[in-house]
Amino acid sequence: MKKNRNVGIVGVGQSAFSSHREDVNQPELINEAVNEALEHAGITLNDVDCVVHGNMELFEMVHQPDMWHTLGTGAYGKETIRVTTGGTTGATLVCVADNLVASGMHDVVMAIGFEKLQEGNTTAGITNMSDPLWGRRLQTGALTGVFAQKAIDKYGEEKAKKAAMKYRIIMDKHAMKNPKAHRRLGLEFDEMDTLAENSPTLVGDLKMIHMCSQSDGACVVIFASEEKAKEICKQPAWIKDHITVHREEAYCAFGDAPHTTTHEYAAQKLFKRNGITSPVDELDVFEMYDPSCWWGIDWISEFMMISSDEAMKLIEDDEIMIGGKIPFNPSGGVIASNPIGATAMVRVAEAALQIMGDAGEHQVPGEVNQALASGFGGVMWTVLLLLTKEAPVWNE
């Protein structure tokens with residue numbers, strides 16, 4: 001995991017997220033985030049050596065969108081790389097940008113994640129991209145009732161449903177503090193029963209209130225070498241480590257053979273090589289890729305390396321709220337805003353803002369020394385990134 005040189009995040013920009021950004025075209029939408037990131041970093045496009053661009057192009061059905069988007073990205077005349085890895089695209093963009101700077105190829109790299117989902121058909125893209133026989137478990141995309149049933153079987157219907165709705169309302173309370181968030185509904189804890197009862201059913205016990213949105217939006221993160229980062233930024237967010245884990249979707253398609261999930265494997269390996277033995281105690285914030293609140297309550301134990309009962313207690317005791325023991329998604333998370341090509345990058349961007357102290361109203365109290373961010377996508381991809389306030393010191 002040792003790097004040739006440290007890499008710091010020095011600028012973050014995000015467009016406003018919404019179900020329909022009809023006021024802008026794709027390059028204009030991206031340009032909102034580009035301008036904000038450059039202003040945040042205090043640099044200009046002339047200081048950027050390379051642009052890394054990514055989205056799910058089959059969703060908008062525009063081939064090689066980075067060519068057109070040059071009008072909004074400012075990438076003309078610069079080295080440009082296009083990346084797509086499904087739902088993990090935004091996090092993969094971060095890994096690519098980090099590697100480009102750490103390797104010494106470039107000093108300043110700007111990564112851009114984007115999606116304008118109103119202009120395409122996400123469901124059509126997902127359900128037609130895999131073999132109808134071997135990939136049939138993937139055909140529904142993120143719309144699955146499996147995690148709801150898993151929680152109900154484990155905790156009982158009443159306890160599981162209450163935890164899922166509490167998680168959902170916590171995410172909304174965080175989103176209400178984030179002016180960029182798409183879904184800011186003003187939900188209250190005393191509405192739990194009526195919200196679940198009145199929300200339309202999607203699959204099984206997965207209801208619309210539980211599920212993430214489809215959003216239009218863009219996110220931009222600027223990376224710099226340690227020397228440049230210290231010149232540019234008073235408090236960079238340093239990328240200490242990242243890991244990518246994936247497996248074939250059909251790996252466990254038949255039967256219930258025990259297996260380690262990609263989340264568990266990524267967390268165990270990342271924490272071990274960084275000396276983290278108790279993530280709940282040692283991390284200050286976690287921006288988790290949570291497509292629905294049912295998935296969220298299931299994944300807490302996998303990422304935090306704790307029992308499912310301990311994970312449930314964190315929710316019940318409000319310890320995942322801003323001000324709690326381990327705040328989850330102070331930005332509102334994926335359930336609040338989901339511009340797919342940018343979604344996983346938003347997790348990293350928001351974690352960086354927490355370290356930099358620039359998250360605004362949804363800044364967690366106290367000093368943020370270590371932050372975790374995750375990305376998740378089809379065929380069970382997990383990308384996990386560890387950010388720190390202090391520049392890493394590498395032992396020879």
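For the stretch 186-322, what does the equivalent ellipsoid look like in terms of its semi-axes, each the square root of 5 times an eigenvalue of the Cα gyration tensor, given largest first in whole Å?
Values: eigenvalues 188, 102, 65 Å².
Output for the stretch 186-322: semi-axes of 31, 23, 18 Å.
Paramagnetic label reach from Ala391 (point 7 Å along Cα→Cβ; backbone nitrogen cut-off under 13 Å): within the stretch 210-239, residues 224-239.
Pop the C-beta distance of Glu227 and Val203 into the FRET formula with R0 = 56 Å and round what comes out to the nearest 0.05. List each step's numbers first, then the result.
Details: r = 51 Å, r/R0 = 0.91.
E between Glu227 and Val203, to the nearest 0.05, is 0.65.
Compute a Gaussian network model of the chain, connecting alpha carbons closer than 10 Å, and tell me which residue from Leu187, Leu384, Leu38 fluctuates the most. Taking springs between Cα atoms under 10 Å, the residue moving most is Leu187.
Residues Met56, Met345, ranked from the fewest to the most other C-beta atoms within 10 Å, line up as Met56, Met345. For the options Tyr167, Tyr265, Tyr289, a Gaussian network treatment of the chain with springs between C-alpha atoms closer than 10 Å singles out Tyr265 as fluctuating the most.
Which FRET efficiency, nearest 0.05, do Asp309 and Val146 yield, Cβ-Cβ r, R0 22 Å? Intermediate results must be reported in sequence, preceding the final value.
Numbers: r = 20 Å, r/R0 = 0.93.
It comes out at approximately 0.60.
Listed by chain and number, the lysines whose alpha-carbon sits under 28 Å from that of Lys173, ignoring those within fewer than 8 places in the same chain, are Lys116, Lys150, Lys154, Lys159, Lys161, Lys162, Lys207, Lys313, Lys325, Lys389. Of the residues Asp190, Asp66, Asp23, the one that moves most in a GNM of the chain with alpha-carbon contacts below 10 Å is Asp23.
Among DSSP beta bridges lying fully in the chain, give the percent that are antiparallel, nearest 5.
Values: 38 of 53 bridges.
About 70 percent, rounded to the nearest 5.
State to the nearest 20 debye the size of the charge dipole of the chain about its Cα centre, where the only charges are +1 on K and R beta carbons and -1 on D and E beta carbons. Roughly 560 debye, rounded to the nearest 20.
Gain on full extension, evaluated as 0.36 nm per residue between Asn121 and Asp49 minus their Cα-Cα distance, stands at 22.5 nm. Evaluated at q = 0.20, 0.24, 0.27 Å⁻¹, the base-10 log of the normalised Debye intensity for the stretch 161-203, with identical point scatterers placed on the Cα atoms, takes the values -0.64, -0.85, -0.98. Extension gain for Lys325 to Glu22 (0.36 nm times residue separation, less C-alpha to C-alpha distance): 105.1 nm.
Hey, any idea what the orientation-averaged projected area of the convex hull of the stretch 255-395's Cα atoms comes to, in nm²? Working shown, then result.
On the way: hull surface 37.3 nm².
So the mean shadow area of the Cα hull is 9.3 nm².
Given their separation in residues at 0.36 nm each and the Cα-Cα distance between them, Glu191 and Leu71 gain 38.6 nm when the chain is fully extended. Normalising by residue count, the chain has a Cα convex hull of 132 Å³ per residue.
Any read-out appearing in this document is the output of simple, stated calculations on the displayed coordinates, not a laboratory observation. Keep in mind that what you see is a predicted model, and the values were worked out from it rather than measured. Here the Cβ is made from the backbone with ideal geometry for all residues, glycine too, and neighbour counts use every protein chain on show.
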